Amino acid sequence: MAHMMTRIKVEDYDVWKQMFDSDQFGVRKSAKGHRILRSVEDPNELSVSVEFSSTDDANAARERLLASGVLDRVTIKSGPAVAEEAETLVF
């Protein structure tokens with residue numbers, strides 16, 4: 001399992017979410033799912049994790065995201081970075 005992770009700050013979550021959901025550039029076309037976390041202190045600060053079956057799929061999505069230019073519309077806190085799952089623990 002691989003994830004593409006990005007921390008961003010957006011101007012307006014609702015506007016950003018519509019753009020994210022449209023996936024105009026096919027960034028998530030091979031994704032298995034995603035998770036969006038919003039800061040309690042600033043709901044326009046987000047951590048986004050998109051899950052892929054392989055690091056190759058995640059790296060290809062990262063390249064599509066970077067080439068799309070959509071990150072130019074947000075403040076990037078970190079990422080996009082590709083990471084492999086090391087452990088999951090559920091209680």
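The values are calculated or read from the model by the stated rules, or taken from the named source; none is laboratory data. Just so it is clear, the structure is predicted and the values come from calculations on it, not from any experiment. Neighbour counts are summed over all protein chains in view; Cβ atoms, including those assigned to glycine, are modelled from backbone coordinates with ideal geometry.
Annotations for the structure displayed:
- For the condition assigned to a helix (DSSP H, G or I) and either under 11 Å from the mean Cα position of the chain (by Cα) or modelled with pLDDT under 95 (or both), Phe20 qualifies.
- Number of residues in the range 60-72 that are touching a residue at least 12 places away in the same chain (Cβ under 8 Å) and over 11 Å from Ala2 (Cβ atoms): the value is 7.
- Take the conditions (1) in contact with a strand residue (DSSP E or B) (Cβ under 7 Å, 6 or more places away or on another chain); (2) aliphatic (A, V, I, L, M); (3) more than 19 Å from Trp16 (Cβ to Cβ); (4) free of Cβ contacts under 8 Å to residues at least 40 places away in the same chain; Ala81 misses just one of them, which is (4).
- Being in contact with a strand residue (DSSP E or B) (Cβ under 6 Å, 6 or more places away or on another chain), small (Gly, Ala, Ser), part of a helix (DSSP H, G or I) and crowded, with 17+ Cβ neighbours inside 10 Å holds for only one residue in Ala61, Ala31, and it is Ala61.
- Filter result (among the β-branched types (Val, Ile, Thr) and in a strand (DSSP E or B)) within the range 48-58: Val48, Val50
- Annotation: of all residues in the range 64-91 being in a strand (DSSP E or B) and hydroxyl-bearing (Ser, Thr, Tyr), the one that is surrounded by the fewest Cβ atoms within 10 Å (Cβ to Cβ) is Ser78.
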